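The values are calculated or read from the model by the stated rules, or taken from the named source; none is laboratory data. Just so it is clear, the structure is predicted and the values come from calculations on it, not from any experiment. Every residue, glycine among them, receives a Cβ derived from its backbone with ideal geometry; neighbour counts consider all protein chains shown. Remember, those area values only see protein heavy atoms, side chains included, never the ligands or the DNA or RNA. Shrake-Rupley method; radii C 1.70, N 1.55, O 1.52, S 1.80 Å.
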Amino acid sequence: MKNQKRHSRKLLSILLVLCMALTIVPITAFAAGVNYIDKISVTYTKPDYKAGDAPQAAATVTEGECSVAYEYWMEIEQKTEGSVWTSTGRYWYSDSSKMASLAADKQITQFEAGHHYTYNIVLKTNSGYFISEDTSVSAGGHKFDKVAFKANLEIREMSTELRIYSPYSIDLPAASTDEVITTVDIGNVWKNLDSTKPVAFTAEVNPNNSACSGKVEIVEEAWEKSTYGESTPITDVIKSTDTPRNPIAGGEYWYSIVLRAKEGYVFSDNVTFICEGKTYTAQTANTSVSDNGKTFTAWEFLLPVIASDGADDTVIKDVEVIGATLSYDAGDTPKATAVTKDIGANYEIAYESWEDEQHALWYSDEHYYPSELFLDRFTSFEEGKSYRYSILLKAKNGRTFAATDSGLTVTVNGWTVEQQNISMNLDGQSVYVTGIATITPTKPVEPKEIEVIEINNATITFKDGDKPVFTGNVPDNKDYAFRCEWWSLDSDTGLVSTEPEWGSGIYKNKITTFEAGKTYHYGVYVTAYYGNFSPDAKLKINGQYVNYKRIGDDDNMQTMWLETDLTMTPFDSSHTHSYGADWKSDSDNHWHECSCGSIADKAAHDMETKNAKDATATEKGYTGDKVCKVCGYTVKGKEIPVSGTTKPTNPTKPDGNKGEEIPATGTTKPTEPTNPNGDGNGNTNSPQTGDNSNLWLWFAVLFLSAGMLIGTSAYSKKKKYSK
């Protein structure tokens, strides 16, 4: 009996020692020298899921020593309206083995109408790397900041697994028994915009088209003025639902219309849209169906209308021609390069011509040569001879030219032609312009290659919801012209500055407004008046040199389509902008970088930040106020050691909260069940594991275990002495 008790006490002592050893494991696991991951970035696509679609894997790790272990969709529900969203016990996994472990009735093989689903990502660290509560995480453009502060993030498996819960979810509308409208046919749109009269709205649904007649109603028409090219943009939107008012004279207005399906009807996702007998496609009109199929919207499908000033707008008073080649060397061949400045002008250049001292002629159009045989032609310029340049203009679209004594002005390459050099036909349909330029060609001089392309005043920073604005131009007297600029999101989505007159077929989807979190790319198109661009030409935008790559024919050095390295990610101006935790420094100052949104040039952003007001550098580090010159957000100065070993605290919002939160679906954090074959009771509150444990608890267990061991020893001695 005595030996049995002694044996039991030994076993108890051994167990207590093992407990002490186990308590040390988490401490040593997080000891110095462990490779913690500072930042993790994950991207994922968001397919436009509809009922019947199968889930698909979509996530990729773009930064951080980890990879996607698997993704999963979870079906969620509210037991009662307004209650917490919980799991129904049904899942889809990108991991086939996990899917196979689920019962058939617990597997999501396709999304169902009227159900709700939430998307989740599970990451696994690479060998030798761990995740800590200080790890910064972003997913799909949403920055969660540190793991410790976000309910959407959870560390598991001894800090080697990170779960990102519900970065987004989908709600599929219930199946409808309403009749589907596949065609929308409207007409009688009022286009006579006159600044002296209120805008009239007269559109109606075609009563002769049974596909939509009696099934839809027009709820709103609108004309919105473009602000493109305006030094001081003036926004003007005139709606049929507003008090009637006049448009702004000279404003370029775009038309839009909104229709609603009547009771018992819904619009198809692929509606055929007809306006005044013309059918519009996805390439020629912007349309959308919303409100679960009840609302149809179409915009920017008609050509824009210029609001008149009440005067007769059929008479052309201002003519402007650009791009005319007015300088040649001996031996050069004349060429037609002049174009109307306004691509949509109501006049055109019939021909360009040169005439020498002996009345020999060159015409850009063969049909205009005189029939007299004694008039000579020439095909190249001769040295020492004098040549005079002229053009013939023709009106189109039913317009006529105003008489010179009624205010007609003609400008060529920025120079206004004198009235005595303008002759008009009696019918007012054509104007002959002479005395534009006189040249005496000399021996050819090898033109210098254009080494620098300079674009100024380009708008390259936007906020969430801003419409694209194109304002770039080239300095005066340059040997090249700025033809257009553009923004692109991807190969199918973008907008060219010259649309809709030119370039509308380049991008299938048009950028109407910029969206926060998406990255847009900037490009320009320039052409040389004469000479060539250097193959190594540098590109300077808004005073800063930028990198680029050429698009198109690399052998044609007179034109340059340039896709630049400038990118722009709009920031959401409705949220307070936080500052990043990483501090930068140079020999003069200390600063950190504002995360309110990227601007085109990184160096320019740094310069804006480091020159913030009252910023100083002392032996203790940065102590002055920080003011972001992009968004204006201000953070009071903090004392930061020059060594940079101490990170600044995360600045707070004015309401006292840290950073910008991305809310999870509902009010609780949905988690994946530990056992996929469990009871399916929808419990989503999983216990925290990994490095979420508190060290003080481990120490408490350690001290308690030590106390029990000492107590056991003391008790043993006491029994021995008593005996």
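Exactly one of these conditions fails for N209: (1) part of a loop (DSSP other than H, G, I, E, B); (2) closer than 30 Å to N473 by Cβ; (3) in contact (Cβ under 8 Å) with a residue 60 or more places away in the chain. Give me its number. Every listed condition holds for N209 apart from (2). Just one of the listed residues (I131, I76) is closer than 20 Å to I164 by Cβ and open to solvent by less than 10 Å² (accessible area, probe 1.4 Å), namely I131. Is it true that some residue in region 166-181 is under 30 Å from G277 (Cα atoms) and crowded, with 20+ Cβ neighbours inside 10 Å? Scanning region 166-181, I find at least one residue that is under 30 Å from G277 (Cα atoms) and crowded, with 20+ Cβ neighbours inside 10 Å, so the answer is yes.
Conditions tested, residue by residue: (1) open to solvent by 40 Å² or more (accessible area, probe 1.4 Å); (2) in contact with a strand residue (DSSP E or B) (Cβ under 7 Å, 6 or more places away or on another chain).
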residue: E355; (1), (2): yes, yes
residue: H367; (1), (2): yes, no
residue: S390; (1), (2): no, yes
residue: G398; (1), (2): yes, no
residue: T404; (1), (2): yes, yes
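The single residue among S231, S256 that is open to solvent by 50 Å² or more (accessible area, probe 1.4 Å), among the small types (G, A, S) and within 30 Å of the chain's Cα centre (by Cα) turns out to be S231. Suppose the filter is under 34 Å from the mean Cα position of the chain (by Cα) and open to solvent by 50 Å² or more (accessible area, probe 1.4 Å); does E217 pass it? It is true that E217 is under 34 Å from the mean Cα position of the chain (by Cα) and open to solvent by 50 Å² or more (accessible area, probe 1.4 Å). Say we look at region 291-317 and pick out the residues that are of a type in the set (S, T, Y) and in a strand (DSSP E or B); which of these is farthest from V258 (Cα to Cα)? The extreme case among them is S308. Which of (1) open to solvent by less than 30 Å² (accessible area, probe 1.4 Å); (2) within 13 Å of the chain's Cα centre (by Cα); (3) of a type outside the set (S, T, N, Q) is the odd one out, the single condition V524 does not satisfy? (2) is the only condition that V524 fails. Determine whether region 183-201 contains at least one residue that is charged (D, E, K, R), outside any loop (DSSP other than H, G, I, E, B), modelled with pLDDT under 95 and under 27 Å from T314 (Cα atoms). Yes, that holds for at least one residue.
Pull up region 475-490, narrow it to residues that are open to solvent by less than 20 Å² (accessible area, probe 1.4 Å) and within 24 Å of L326 (Cβ to Cβ), then point me to the one that is nearest to the chain's Cα centre (by Cα). Step by step, filter region 475-490, then rank; the result is C484. Applying the condition of being open to solvent by less than 20 Å² (accessible area, probe 1.4 Å) and assigned to a strand (DSSP E or B) to region 438-474 and asking which residue is nearest to G398 (Cα to Cα) yields I455.
Does S288 meet the test of being among the small types (G, A, S) and either part of a loop (DSSP other than H, G, I, E, B) or buried (at least 16 other Cβ atoms within 10 Å of the Cβ) (or both)? Against the criterion (among the small types (G, A, S) and either part of a loop (DSSP other than H, G, I, E, B) or buried (at least 16 other Cβ atoms within 10 Å of the Cβ) (or both)), S288 does not qualify.
Please tell me if E418 is under 48 Å from the mean Cα position of the chain (by Cα) and charged (D, E, K, R). Here the answer is yes, as E418 does meet what is asked. Determine whether region 105-126 contains at least one residue that is closer than 19 Å to Y72 by Cβ, open to solvent by 30 Å² or more (accessible area, probe 1.4 Å) and part of a helix (DSSP H, G or I). Yes, the conditions are met somewhere in region 105-126. Total residues in region 127-167 satisfying the condition of being in a loop (DSSP other than H, G, I, E, B) and in contact (Cβ under 8 Å) with a residue 24 or more places away in the chain: the figure is 15. Selection within region 259-285: residues that are of a type in the set (A, V, I, L, M, F, W, C) and outside any strand (DSSP E or B). The member of this set that is least open to solvent (accessible area, probe 1.4 Å) is A285.
For (1) modelled with pLDDT of 90 or more; (2) within 20 Å of E112 (Cβ to Cβ), each residue gets a yes or a no:
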| residue | (1), (2) |
| --- | --- |
| T60 | yes, no |
| E65 | yes, no |
| Y72 | yes, yes |
| E75 | yes, yes |
| Q78 | no, yes |
| S83 | no, no |
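Yes/no per residue for (1) over 22 Å from the mean Cα position of the chain (by Cα); (2) not charged (D, E, K, R):
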| position | (1), (2) |
| --- | --- |
| I453 | yes, yes |
| F462 | no, yes |
| V469 | no, yes |
| D492 | no, no |
| G503 | no, yes |
| I506 | no, yes |
| T513 | no, yes |
| D554 | yes, no |
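A count restricted to region 406-424 and to residues that are exposed (fewer than 14 other Cβ atoms within 10 Å of the Cβ) and on the phi < 0 side of the Ramachandran plot stands at 7. Which one is nearest to T471 (Cα to Cα), of the residues in region 527-541 that are in a loop (DSSP other than H, G, I, E, B) and open to solvent by 60 Å² or more (accessible area, probe 1.4 Å)? This residue is Y529.
When K124 is tested against (1) at negative phi; (2) at pLDDT below 95; (3) of a type outside the set (A, V, I, L, M), just one condition goes unmet, and that condition is (2).
Each row is one residue, and each column tells you yes or no for (1) free of Cβ contacts under 8 Å to residues at least 24 places away in the same chain; (2) within 30 Å of T43 (Cα to Cα).
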| site | (1), (2) |
| --- | --- |
| Y530 | no, no |
| S534 | no, no |
| A537 | no, no |
| Q544 | no, no |
| D555 | yes, no |
| M560 | no, no |
| E563 | no, yes |
| L566 | no, yes |
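Against the conditions (1) part of a loop (DSSP other than H, G, I, E, B); (2) under 30 Å from G251 (Cα atoms); (3) open to solvent by 30 Å² or more (accessible area, probe 1.4 Å), E320 satisfies every one except (1).
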